[in-house]
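The values are calculated or read from the model by the stated rules, or taken from the named source; none is laboratory data. Computed from a prediction, not measured in an experiment: that's the story for all the values here. No Cβ is skipped: glycine too gets one built from the backbone with ideal geometry, and neighbour counts run over all protein chains shown.
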């Protein structure tokens, strides 16, 4: 499942997710186009993803984080694991 948000005919972000049972994996992280960074796009998208996941009964959310994205994910409560970050229940 992938989602794109288009702003003035350009993709502002791209995110690919996988749902397996009660687990969600945000694959290839959440990528915001450079011209839309630092405008709250990733925060709004991650908020919606987490809220939607909880409504669907997802109990585990994991993702790979870049150094640039790590502070955002930590703000949401994701914690570092060996090779990824995970949002505890």
- Count - residues of region 7-53 that are part of a strand (DSSP E or B), at pLDDT 80 or above and under 16 Å from residue 68 (Cα atoms): 1
- Note on the structure: Here the qualifying pairs (Cβ atoms under 8 Å; residues six or more apart or on different chains; first in region 53-80 and without any contact (Cβ under 8 Å) to a residue 60 or more places away in the chain and at positive phi; second in a strand (DSSP E or B) and surrounded by 14 or more Cβ atoms within 10 Å (Cβ to Cβ)) come out as 77/87
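Can you pull out every residue in region 55-89 that is surrounded by 13 or more Cβ atoms within 10 Å (Cβ to Cβ) and not in a loop (DSSP other than H, G, I, E, B)?
Answer for region 55-89, where residues must be surrounded by 13 or more Cβ atoms within 10 Å (Cβ to Cβ) and not in a loop (DSSP other than H, G, I, E, B): 60, 61, 62, 63, 70, 72, 73, 74, 85, 86, 87.
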- Message: I need a count of the residues in region 77-89 that are at pLDDT 90 or above and either within 18 Å of residue 14 (Cβ to Cβ) or within 11 Å of the chain's Cα centre (by Cα) (or both).
- Response: 1
